[in-house]
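Asker: I have a structure here, written as structure tokens, and I will follow up with some questions on it.
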Amino acid sequence: MSGEIRVTGVRRVYEIGAGGSLTALDDVDLTVETGTFVSVIGPSGCGKSTLLRAVAGLETPDAGQITVGGLTPERAAADKMLGLVPQTPALLPWLSVLKNVSLPKKVNRRKGRTTADMVDLLSKAGLGDVMHKLPSQISGGMQQRAAIVRAFGLHPDVLLMDEPFSALDEFTREALQEQLLDLWDELKATVLFITHSVSEAVRLSDRIVVMAPRPGRITDVIDIDLPRPRGQALLKTPEFHAYEDLVRDRLRGAFHYANAIAS
Amino acid sequence: MTLALVAKPRATSKRTFAFLHPAKWLPLVLMLAVLGALWQWGAGSMPYLLPPLGDIGQTLAQDAGYYLENALVTLREALGGLAIGTAVAFVLAVVVSEFTLARRAIMPVAVILNVTPLVAIAPALVVAFGFGAAPKLIVTGLICFFPVLINMSMGLRAVPLPVLQVYQTMHASRLETLWYIRVPSSLPYLFAALRIVFPLSVVGAVVAELSAAGSSKGLGTAISLASSMNRLAAVYASIAILAVLGSLLLLVVTLLERRLLHWHETRAGAK
């Protein structure tokens, strides 16, 4: 199994009317090794979501190359190697939670992958009692958990998560981080995780990529050497705080740089 | 199955019998009483404008068989035209929502068809197709076609982008996306259109019957016959049946909607 993400020299420019243009990604290089958890953090407009969409094959770079497990993103999608968790749960409102997370099995069937037992997976995610309910009948945190289960259900080699917890409250968010780590521990996938929360990035990641805007680019890569599993207790340790401070410093650098360019 | 829906939630007896509460039915009953009194007063002072309600009732009772037979003819035309118009619109909506070029070709023609008064087309169709069922089905079909086409083509494209992206990264085919995602999520839009075209189908059938002066059956024909003989009570007897038919069709569509769209958010807070 290989789920290595390799991004080389990727550039993406948006035309923004009146002859203007916005460089969302400028010569971005990034390698995410198989089975690692990498977060991308940065101020808004730094191109982190564009990067994720490009890896998902939802957007084509203007220059450079992206491979997922040695394949183009489109081929990787065709082989059902990718799982996407967007910012909103994006569940289908007319299907029960169980049917929602089972639908990926029915599409693109030619590519028969070994799929998880969805009932079992839902129970592990704490959704066993609500799996026959409609999305509108469960809380936002539960909906987002269902979206994660849906993505994990196909045992994807690569999981792409675009600020999946940003709409949730602090407590729900921490609980979901823990469950995400549990699921990831069991099902092992390469994860590219977009976030704007420093503590979330430190807790989840093997490595944090810091990006800066105008033009969108990578300014720092920080390895997080904290032991796993990373339970609630870890959040209070000095090592954890030291990493938080480090990331915050580097982020501040990215902010200042952006402002200096803008003024 | 996508369209096989989950059992209806919280259908409590409290909700089922809510309509028995006077606050639910009393306002309507009072309103009907006021309107009935006004009608009777009008009929008393201007007998050439309005027939007394009693006369209408008597006409209906005397010729019950005649009115039932004609009502069934009109209803059959209405439902037939409704089925044809809705089915064609549904298929075309899928085509125009999937293929941009088809949309550019078809939608302007549909709009032109819609702004052309159907009352004006009906006589031409009678000339072309005679006094049988064909022109009635065509007129009714045309009148039902446009609202369904517009709403469905909107509904099929109203899927939130994140949903489409999730399934795009699994390489769901266009057909799969259409069947599992676009069609079910367009159902609320379809029902919004059906609420309009179910009652409208009766209008289509009657307009076609009125245009075909020689046709022998249907409530539209009954109306033109009765009015040519100055039988005002008979005219209103047919009109009353048409009003009931339209209301029944609206009731059917409402019940269907309640059954199929219980998941939809505008239904969640429905009283």
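Asker: Treating the beta-carbon of each Lys and Arg as +1 and of each Asp and Glu as -1, no other charges, what is the dipole magnitude of the stretch B:54-270 about its Cα centre, to the nearest 20 debye? Walk me through the numbers on the way to the answer.
Answerer: Values: 13 positive and 9 negative charges, 99 e Å.
Rounded to the nearest 20 debye, it is 480 debye.
Asker: Quick one: Karplus J couplings for the stretch A:132-145, per residue in order, coefficients 6.51, -1.76, 1.60, θ = phi - 60°, nearest Hz, x for Gly and Pro?
Answerer: Karplus values, whole Hz, x for Gly and Pro: 9, 8, 7, x, 5, 9, 10, 6, x, x, 5, 4, 5, 4.
Asker: Amide H to amide H under 5 Å from A:Lys133: which residues, 5+ apart in sequence or cross-chain, H placed 1.01 Å off N in plane?
Answerer: Under 5 Å from the amide H of A:Lys133 lie the amide H atoms of A:Val97, A:Leu98, each far enough along the sequence or on another chain.
Asker: A follow-up question, please. So, in the stretch A:1-154, how many Lys pairs have Cα atoms under 30 Å apart, if the pair is 8 or more places apart or on different chains?
Answerer: Qualifying lysine pairs in the stretch A:1-154: 19.
Asker: Over the protein assembly as shown, what per residue volume does the convex hull of the Cα atoms give, in whole Å³?
Answerer: 220
Asker: On average, how many beta carbons from a partner chain sit within 10 Å of the beta carbon of a residue in A:127-134?
Answerer: Mean partner-chain Cβ count within 10 Å for A:127-134: 1.
Asker: Could you identify which residue out of A:Lys48, A:Lys236, A:Lys124 has the top mean-square fluctuation in a GNM of chain A using Cα springs shorter than 10 Å?
Answerer: A:Lys236
Asker: Using DSSP, restrict attention to beta bridges with both residues in the protein assembly as shown and report what percent are antiparallel, rounded to the nearest 5.
Answerer: Given both bridge residues lie in the protein assembly as shown, the antiparallel proportion sits at roughly 55 percent.
Asker: For the stretch A:77-163, what Kirkwood radius comes out of the mean inverse Cα-Cα distance, in Å?
Answerer: Hydrodynamic radius (Kirkwood, Cα pairs) of the stretch A:77-163 is 12.9 Å.
Asker: Here's another thing I want to ask about it. For chain A, what does the helix formula give at 222 nm: sum of -39500 (n - 2.57) over DSSP H segments with n ≥ 4, over the residue count, nearest 500 deg cm²/dmol? Walk me through the numbers before you get to the answer.
Answerer: Working: 8 runs with 94 residues, N = 263.
Taking each H run of at least 4 residues, the total per residue is -11000 deg cm²/dmol.
Asker: In peptide A:57-63, how many Cβ atoms from other protein chains are near each Cβ within 10 Å, on average?
Answerer: Whole-number average of other-chain Cβ neighbours for A:57-63 is 1.
Asker: In the calculated pair distance distribution of the stretch A:1-144, what percentage of Cα-Cα distances lie above 23 Å?
Answerer: Everything past 23 Å amounts to 50 percent.
Asker: Within the P(r) computed for chain B, what percentage of the Cα pairs occupies the region above 24 Å?
Answerer: 62
Asker: Using the alpha carbon gyration tensor of chain A, what are the three equivalent-ellipsoid semi-axes (square root of 5 times each eigenvalue), largest first, in whole Å?
Answerer: Ellipsoid half-lengths, sorted descending, are 30, 23, 17 Å.
Asker: I'd like the Karplus ³J(HN,Hα) series for the stretch B:19-26: coefficients 6.51, -1.76, 1.60, θ = phi - 60°, whole numbers in Hz, and an x wherever there's a Gly or Pro.
Answerer: 5, 6, 5, x, 4, 7, 9, 4
Asker: Also, quick follow-up: Which log10 I(q)/I(0) values does the stretch B:140-271 give at q = 0.18, 0.19, 0.20 Å⁻¹ under the Debye formula, counting every alpha carbon as one identical point scatterer?
Answerer: Here the Debye-derived log intensity ratios amount to -1.00, -1.06, -1.11.
Asker: Amide H to amide H under 5 Å from A:Arg207: which residues, 5+ apart in sequence or cross-chain, H placed 1.01 Å off N in plane?
Answerer: A:Phe37, A:Ser39, A:Ile224
Asker: Could you give me the ³J(HN,Hα) list for the stretch A:38-50, computed from phi with Karplus coefficients 6.51, -1.76, 1.60 and θ = phi - 60°, whole Hz, x at Gly and Pro?
Answerer: Taking θ as phi minus 60°, the curve returns 10, 9, 10, 10, x, x, 5, x, 8, x, 5, 6, 4 Hz for the stretch A:38-50.
Asker: Around A:Ile194, which amide H atoms from residues at least 5 apart in sequence, or from another chain, sit under 5 Å from its own amide H, with H modelled in the peptide plane?
Answerer: HN-HN under 5 Å from A:Ile194: A:Val40, A:Met161, A:Asp162, A:Glu163.
Values in this text are rule-based calculations from the coordinates and carry no lab data. Values in this document were obtained by computation on a predicted structure and should not be read as measured data. Because the Cβ atoms are built from the backbone with ideal geometry, glycine has one as well, and the counts that use them run over all protein chains shown.
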